[in-house]
Amino acid sequence: MLDKKYLLPEDAIRIILEQISFRCLPSETMPIEEAYDRVTAEDVLSQEDLPGFERSTVDGFAVRSSDTFGARESSPAYLTIKGDIPMGAIPDFSLSNGEAASIATGGMLPAGADAVVMIEHVNIVSENMIEILRAVSPGENVIFRDEDTKTGEVVIKAGHKLKPQDIGALAGLGITELQVIKKPVVSIILTGDEIIPHTEKNTPGKVRDVNSFTLAGLTMQCGGIPLKMGIVRDEYTAIKEITKKAHEISDIVLITGGTSAGIKDLTAKIIDELGLPGVLFHGASIKPGKPVIGGVCNSRPVFGLPGHPVAVYICFELFVKPVLNQMLGLKDKIFKNIIKARIARSIHSQAGREDFIRVHLEEKNGEIWAYPLLSKSGLIMSLVKADGVLCIPSDLLGVEEGEEVSVIIID
C-alpha cells in the first residue's frame, strides 16, 4: 500500500467516502435550547399554521378594503370607529360596511376586516370617525394566518445544520425537542519523540504541542467531539496500542506525525494492521500535506496527518472535514467564503500538484490585494497571520503578479 502514486485531493476523498458511504451516525433526542449547530436527523413538520391568525404589520386601522376604494386626500373615505384592539387580545366584535378598528402592529384583525390602513394615511375627525386618505387593497399590511408556514409543511429538512433563526422558528411553532445526529467522536494522537506538552518549558530539540489544539478546535467547528489521546513516542508498540484503543472508542482517528518515509514513520503500517481495507492512499498531490495517509479500518476512518502545523490544517480541511460532514448526514450546500483579489507577487507551482498558499489581504485604491506568506509549513504563525488561502490548481504552473485570484477566507 505504500506506493507513491499521489492522488489529487478530490480523488483521495472520493475513495475514502466510498468506503464509508453507509455511515451516518445514530440520532438522539434533544431540547431545542441545546440544538444550536446540530444536524437534524429527520424532516421537521409544522404542527400548526403560523402565525395562526390574521395580524397587522403596521399601526393603523383595520378596515374592509372595499370601504377605502377611491379614497384620496382630495376625496377621503369616512369610516366609523367600531372599537380598539388591544395587543394580544382576541377582538370581541366584527366589522360591517363603513366600520374600522384601531389596531397596533402585531394585533389580531377582527372578523370582517381584510386590510389595515397605516396611521399616516388617516385623519382623526372625531372620537367616533376617521377619514381615509389612501385606498388599500385586500391583504395590504396584513400577515395571513398561514403565511409563515402551514400545518404539515416541512419547515426544516433532514441533514440541516441548525442556525439560531431555525431554533427561533421551532420555538415559534411550539416545538420543544427534535431528533439530531450524534456528534462524531474524533480521537487525536500525537506522535514524535520531540513533542512535549504545551505546559512544559521548551528546550533545544523539543517542540510544544500545537497540533492537538488546532485539530480539537477544527473538530468542534465541524460538529465533532475531540478526544485527545496524548503524546506517544516514536515506537511501534506504543503507537499501535494507543491507536487500537482510539479506534475502539471513537468514530474517526487522527494520528499526527509518522507519515513520511523515515525509519520511525510507522503510521501507514499500523493503519494497515488495524482493520480492513486499511490504507486507501498514502500521499496526495498537494503542498503542504503531501505525505497524508487516508484509510478505513473496519468501517472507521483513520487518517495519518503530517506533523507540520500548516499541513495539519490543510489536510483536515481537505480530507477530514468531508468525512465528518458525511457522518453527520449533512445535506446543506456548503458555500465557501471566497473573494477575488490581485496577487501581490508571482508564485510558481508544480504541474500536477495543488498548492495552498497562505495570504494576507490588504485594500489599496479600491482593490483587494493578496500578499503571499511564503513560510515553511512547520511555522504555525504563517497561518495565524493569514486572512485566507489561495489554491493554485494542478493544471497551472503558478500565478503572475497582478493576476486576479480566488482566496478562500479562513474563518
Would you please list the contacts, defined by Cβ atoms under 7 Å and residues six or more apart or on different chains, that run from a residue in segment 65-85 that is touching a residue at least 24 places away in the same chain (Cβ under 8 Å) to a residue that is assigned to a helix (DSSP H, G or I) and surrounded by 14 or more Cβ atoms within 10 Å (Cβ to Cβ)?
Ala77/Asp67; Ala77/Thr68; Leu79/Asp67
Among the residues of segment 158-171, is any touching a Leu at 6+ places or on another chain (Cβ under 8 Å), within 30 Å of Phe61 (Cβ to Cβ) and either among the acidic types (Asp, Glu) or open to solvent by 20 Å² or more (accessible area, probe 1.4 Å) (or both)?
no
Considering Phe303, Phe335, which residue is open to solvent by less than 30 Å² (accessible area, probe 1.4 Å), at negative phi and not aliphatic (A, V, I, L, M)?
Phe303
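I'd like the full set of residues that are of a type outside the set (S, T, N, Q) and open to solvent by 30 Å² or more (accessible area, probe 1.4 Å), limited to segment 52-75.
Phe53, Glu54, Arg55, Asp59, Arg64, Asp67, Phe69, Gly70, Arg72, Glu73
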When you scan segment 76-95, how many residues do you find that are more than 14 Å from Ile124 (Cα to Cα), open to solvent by less than 60 Å² (accessible area, probe 1.4 Å) and either of a type in the set (Ser, Thr, Tyr) or part of a loop (DSSP other than H, G, I, E, B) (or both)?
5
When you scan segment 144-153, how many residues do you find that are touching a strand residue (DSSP E or B) at 6+ places or on another chain (Cβ under 6 Å) and open to solvent by 60 Å² or more (accessible area, probe 1.4 Å)?
1
Identity of the residue in segment 219-260, over 21 Å from the mean Cα position of the chain (by Cα) and of a type in the set (Ser, Thr, Tyr), that ends up surrounded by the fewest Cβ atoms within 10 Å (Cβ to Cβ)
Thr237
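What tally of residues in segment 195-218 results from selecting those that are part of a helix (DSSP H, G or I), surrounded by 15 or more Cβ atoms within 10 Å (Cβ to Cβ) and either out of contact with any strand residue (DSSP E or B) (no Cβ under 7 Å at 6 or more places or on another chain) or modelled with pLDDT under 95 (or both)?
Taking segment 195-218 as the starting set, the residues that turn out to be part of a helix (DSSP H, G or I) are 211-218.
Checking the rest, the ones that are also surrounded by 15 or more Cβ atoms within 10 Å (Cβ to Cβ) come to 211-216, 218.
Still in the list and also either out of contact with any strand residue (DSSP E or B) (no Cβ under 7 Å at 6 or more places or on another chain) or modelled with pLDDT under 95 (or both): 213-214, 218.
The number of residues fulfilling the criteria is 3.
The values are calculated or read from the model by the stated rules, or taken from the named source; none is laboratory data. Everything quoted here is computed from the prediction, not taken from an experiment. Virtual Cβ from ideal backbone geometry, glycine too; neighbours counted across all protein chains shown. Each accessible area value is taken on the protein alone, full model and side chains, heavy atoms only, with ligands, DNA and RNA left out. Shrake-Rupley method; radii C 1.70, N 1.55, O 1.52, S 1.80 Å.
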